[in-house]
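The values are calculated or read from the model by the stated rules, or taken from the named source; none is laboratory data. These figures come from a predicted structure and were not determined experimentally. Cβ: placed from backbone, ideal geometry, glycine included. Neighbour counts: every protein chain shown. Heads up: the accessible areas ignore ligands, DNA and RNA and are worked out on the full protein's heavy atoms, side chains in. Shrake-Rupley method; radii C 1.70, N 1.55, O 1.52, S 1.80 Å.
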There are 2 protein chains.
Amino acid sequence: MGSAGDEEPERVDGRRLRYRHRREELLQAATEHALEHGPARLSLRRIADSAGVGHAALLHHFGTREKLVAEIVERVLDRTFTGPRVLANEQRTGTEGGPLRALWQQATTGSGEAHVRLFLAITGNALHDEALAAAVRRSLHRRTGLLEAALVRAGCPPPEAGALATLVLGTLRGLVLDRLLTGDTARVDAAFEVFALGLDRRRESWGG
Amino acid sequence: MGSAGDEEPERVDGRRLRYRHRREELLQAATEHALEHGPARLSLRRIADSAGVGHAALLHHFGTREKLVAEIVERVLDRTFTGPRVLANEQRTGTEGGPLRALWQQATTGSGEAHVRLFLAITGNALHDEALAAAVRRSLHRRTGLLEAALVRAGCPPPEAGALATLVLGTLRGLVLDRLLTGDTARVDAAFEVFALGLDRRRESWGG
């Protein structure tokens, strides 16, 4: 199944090929494990067991527990806030709802909620786990940068795009936390709508 | 040290008097313990040890672990968001900064940060601990209600006060989380300021 067109041919040996083909599958299994059991039980051995591979194989694929955890965090935050599909949608959804409402829908429905739940658990645990904390920091920076770029593309003046991206992600994060913990979907959805309307008004002032 | 003016004289016996005089002190010790060690180690025995009382005494004062945890959560969230002193300040601080900026200051400086940290840990653990979850739910409702009433007193139309209170608390929560995890105080403070300016504009439309 190896391809002659690989970008780094000197690295293509048997192990590297296995890595390439199984990596995504294993990362998916590890993420599912974290979604089900929470981050407190994110040990390599447990993940390996649940993915049906050996401990050594997992280490081979991801390097260290820290690196695997970082990739899981990145994936969970990506699915929760500013998933690339949502941001790519920004032009098409401009008229009915826009990308902000698409993000909200993603974070509050179906598997989005499971990702939010894990995100909350991860941030809670990050306070006592430096590997988790570093992963969350990197991922927050990445999310904020992605949204900042999307805002500039949508017409936001660059000097305010960073603060606005931070505000949007912070508000979504705080509101989904309330929604998940209280279950008051109507109250929290109304609060989100107040925020979204304010942002709509702001966007009108950007011109275009 | 008993007083003849107690409100419920029929309940005044020796134990009740001890309860009255030591309760606040013990709650404070338990809260300090949680601030230092996080909610995962909030066992009655550990709290009792650190407060220098027996396990039975603690049960006597607070009923169950669940009730004590609820009081700690309530106290931590009170100190973090919408502390009564901040809300009471709303008239006096109206010109320079206003109550929202006072809340932000409280949540991001000094002991405020320690409370935010514990709040994050509590919400993370709440996902797997129904006693914590119930306490957080009640406390979120109480905080939102207090802020909603303060907004109405400040001129906010009652139909939108609930959504706005939810939005303000959600945004503060999400932003302090970013601030604490990334340490990017300038970026997050700028985001808060964008939010506060938007709310200032909104308040102008309330008339008065």
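What do you reckon, is A:GLY174 under 18 Å from B:GLY198 (Cα atoms) and either of a type in the set (A, V, I, L, M) or within 11 Å of chain B (Cβ to nearest Cβ) (or both)?
Yes: the conditions hold for A:GLY174.
If B:VAL86 satisfies all but one of (1) open to solvent by less than 80 Å² (accessible area, probe 1.4 Å); (2) modelled with pLDDT of 75 or more; (3) assigned to a helix (DSSP H, G or I), what's the number of the condition it fails?
Result: B:VAL86 passes all but (2).
Checking A:LEU181 against (1) more than 20 Å from B:GLY198 (Cβ to Cβ); (2) more than 8 Å from every other protein chain (Cβ to nearest Cβ); (3) more than 19 Å from the chain's Cα centre (by Cα): exactly one of these is not met. Which one?
So the condition that A:LEU181 fails would be (2).
Out of everything in the range B:106-121 that is surrounded by fewer than 17 Cβ atoms within 10 Å (Cβ to Cβ) and among the polar types (S, T, N, Q), what residue ends up being nearest to the other protein chains (Cβ to nearest Cβ)?
Across the range B:106-121, the extreme among qualifying residues is B:SER111.
Okay, residues lined up against (1) in a helix (DSSP H, G or I); (2) assigned by TED's automatic domain parsing to the domain that holds B:GLU32; (3) modelled with pLDDT of 80 or more:
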residue	(1), (2), (3)
B:ALA56	yes, yes, yes
B:LEU59	yes, yes, yes
B:ALA70	yes, no, yes
B:ARG75	yes, no, yes
B:ASP78	yes, no, no
B:GLN106	yes, no, yes
B:GLY112	yes, no, no
B:ALA121	yes, no, yes
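Of A:GLY162, A:GLY124, which residue is surrounded by fewer than 24 Cβ atoms within 10 Å (Cβ to Cβ) and either touching a Gly at 6+ places or on another chain (Cβ under 6 Å) or in contact (Cβ under 8 Å) with a residue 12 or more places away in the chain (or both)?
A:GLY162
Go through the residues of the range A:141-155 one by one and say whether even a single one is assigned to a loop (DSSP other than H, G, I, E, B) and either more than 9 Å from chain B (Cβ to nearest Cβ) or open to solvent by 10 Å² or more (accessible area, probe 1.4 Å) (or both).
Checking the range A:141-155: at least one residue is assigned to a loop (DSSP other than H, G, I, E, B) and either more than 9 Å from chain B (Cβ to nearest Cβ) or open to solvent by 10 Å² or more (accessible area, probe 1.4 Å) (or both).
Only one of these is within 7 Å of chain A (Cβ to nearest Cβ) and out of contact with any His (no Cβ under 8 Å at 6 or more places or on another chain): B:ALA163, B:ALA196. Name it.
Every option except B:ALA163 fails the conditions.
Determine whether the range A:181-203 contains at least one residue that is more than 28 Å from B:GLU160 (Cα to Cα) and surrounded by fewer than 18 Cβ atoms within 10 Å (Cβ to Cβ).
No, because not a single residue in the range A:181-203 is more than 28 Å from B:GLU160 (Cα to Cα) and surrounded by fewer than 18 Cβ atoms within 10 Å (Cβ to Cβ).
State the number of residues belonging to the range B:127-138 that are surrounded by fewer than 23 Cβ atoms within 10 Å (Cβ to Cβ) and either modelled with pLDDT of 90 or more or part of a helix (DSSP H, G or I) (or both).
Qualifying residue count for the region: 6.
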